[in-house]
Structure formats: structure tokens, C-alpha cells
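Here's the structure we're looking at; comments come further down.
The values are calculated or read from the model by the stated rules, or taken from the named source; none is laboratory data. Since the structure is predicted, the reported quantities are computational estimates derived from the model, not experimental observations. Cβ coordinates were reconstructed from backbone atoms using ideal geometry, including for glycine residues, and neighbour counts include every protein chain displayed. Just the protein is used for accessible areas: all its heavy atoms, side chains included, with ligands, DNA and RNA removed. Shrake-Rupley method; radii C 1.70, N 1.55, O 1.52, S 1.80 Å.
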Amino acid sequence: MTDYQTEVEDLERRSATAARLFDVRRIIGGLFVVYGVIVTAAGITATEADLKKAQDININLWTGLGMLALGLFFLIWLKLRPTAVPTPPLPAAGAEGGTGAGTGEGTGDGTGDGTKGTGPGTG
């Protein structure tokens, strides 16, 4: 294996790691979990005056729990369905050689008249 091939494979591995690291589900899930913890803590420590403002509904607690649930959903989704690493395209068949003249024969799509083609082909 040449140095160039080794370097390309190393860059592909780094690219795959970066793609997993910056997956939007990780960022959204992490932020929702962090903010959910903060808002839930504010809901747990709510005073009687805070509850009176919200018609005796502890809105911080419920919103925080909802944010925690959503953040955990994103993180579990990320764990169960990780990002697929893009595979590099394979070189086209026959791409190593040059082009040449061919008979132009082939299966076609079945809509022609059944005669053979005689134009230039690639080989």
C-alpha cells in the first residue's frame, strides 16, 4: 500500500469520526437534556408565589420533564440508529483502460426493433 493510500484511509476514518461527533441528534439531545435538568430543578424549587402566578400548575416542572424526555429520545435514537458512514464510490468498471470501438450490442430496454447497433461503444 502506498503512502497516498494510507493517508486517504486515515482521512476517511477521521471524516467518519467527525460525522458521528457532529450528528445533529447528539447536539439537540444534549442541549434538551441540559436545559431540561435546569428547568426541572427550577420546578422542584418553585415557591408558592410562583405556583400562584401559573394558576397552581408547576409549569417549570412539567416543561423540564418534557424537555428531559425529548432530549433522552434524541440520544436513544442516536444510540439505536447511529449515523451511517458514507462509503467512497467504487471506480467504474473498465475505468483503468482506455476507450475503444465496440459493436454497440446490448440488451436495451426492449422498445427497439431488435436489430443490432453498429455505433461506437466504450470498452
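Taking the stated definitions as given, is Gly94 on the phi > 0 side of the Ramachandran plot and modelled with pLDDT under 75? For Gly94, the condition - on the phi > 0 side of the Ramachandran plot and modelled with pLDDT under 75 - is met.
When the residues of segment 44-85 are narrowed to those that are of a type in the set (Asp, Glu) and in a helix (DSSP H, G or I), which ends up surrounded by the most Cβ atoms within 10 Å (Cβ to Cβ)? Only one residue tops the list, namely Asp50.
Within segment 1-26, residues that are within 30 Å of Phe73 (Cβ to Cβ) and at pLDDT 75 or above sit with their Cβ atoms under 8 Å from residues that are in a helix (DSSP H, G or I) and open to solvent by less than 100 Å² (accessible area, probe 1.4 Å), at 6+ positions apart or across chains, in these pairs: Asp23/Leu78; Arg25/Phe74; Arg25/Leu75; Arg25/Leu78; Arg26/Phe74; Arg26/Leu75; Arg26/Leu78. For residues in segment 21-31 being open to solvent by 70 Å² or more (accessible area, probe 1.4 Å) and part of a helix (DSSP H, G or I), which is nearest to Asn58 (Cα to Cα)? Out of the qualifying residues, it is Leu31.
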